[in-house]
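Heads up: the structure comes next, in structure tokens.
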Amino acid sequence: MSGPIVDWTKGIEAIVYQTCNGCGARQYFRRSFCAACGSPDLAENRASGAGTVYATSLVCRAATPETRAHVPYNIVLVDADEGFRMMAHGDNDLAIGDKVAARFTQFAGRLVPYFAKAK
């Protein structure tokens, strides 16, 4: 029996999403059920890291002492090419509609996805 695919939340450089085997919906935030239809029949997949910026917000005031060294930093919503939306960190010059690619970096002592303009 295989377990869940390990991703950045466990320190591995990967973005994982779920696909519902019942209705085909895709979701980023792991759940034990499909948010669209309620089915418990979900498959986990590894994302490519490619997407498009949906929204961006430059943070200029640290929320915690640990994040003070990173100010200013950008929080972005990215529509992944696989069909789900996720929140992550990104380059400060990203704009809505930019094509992006994920990499991973340390932020306040934790591994996080980080988006930059795709080449």
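May I ask for the net charge around Ala14, where only other residues with Cβ less than 10 Å from the Cβ of Ala14 are counted and Lys, Arg are +1 while Asp, Glu are -1?
Numbers: positive: Lys10, Arg46; negative: Asp7, Glu13.
So the surrounding residues net to 0.
Radius of gyration and Dmax for segment 1-56's Cα atoms, expressed in Å?
12.2, 40
Using a Gaussian network model of the chain with C-alpha springs under 10 Å, which one of Thr67, Thr52, Thr105 is most mobile by mean-square fluctuation?
Thr67
Run the 1.4 Å probe and let me know the accessible area of Phe33, rounded to the nearest 10 Å².
100 Å²
Once the piece of chain linking Val71 and Lys117 is laid out straight, how much longer is it, given 0.36 nm per residue of separation minus the C-alpha distance between them? Mind dumping the intermediate values first?
Values: separation 46, 0.36 × 46 = 16.56 nm, distance 2.00 nm.
Using 0.36 nm per residue and subtracting the Cα-Cα distance, I get 14.6 nm.
Considering only Gly22, Gly90, Cys37, whose Cα is most displaced toward the positive end of the charge dipole of the chain, charges sitting on Cβ of Lys, Arg (+1) and Asp, Glu (-1)?
Farthest along the dipole direction, towards plus: Gly90.
Work out from phi, with θ = phi - 60° and the Karplus expression 6.51 cos²θ - 1.76 cosθ + 1.60, the ³J(HN,Hα) of each residue of segment 7-16, listed in order in whole Hz, and give x for Gly and Pro.
Along segment 7-16, the couplings run 9, 4, 5, 10, x, 9, 6, 7, 10, 10 Hz.
Run the dipole for the chain about the Cα centre, Lys and Arg Cβ at +1, Asp and Glu Cβ at -1, nothing else charged, and hand back the magnitude in debye, nearest 20.
Working: 13 positive and 11 negative charges, 41 e Å.
Dipole of the chain, to the nearest 20 debye: 200 debye.
The values are calculated or read from the model by the stated rules, or taken from the named source; none is laboratory data. A quick note: this is a predicted structure, and the numbers were derived from the prediction, not measured. Reconstructed Cβ throughout: ideal geometry from the backbone, glycine too, with neighbour counts over all protein chains shown. Each accessible area value is taken on the protein alone, full model and side chains, heavy atoms only, with ligands, DNA and RNA left out. Shrake-Rupley method; radii C 1.70, N 1.55, O 1.52, S 1.80 Å.
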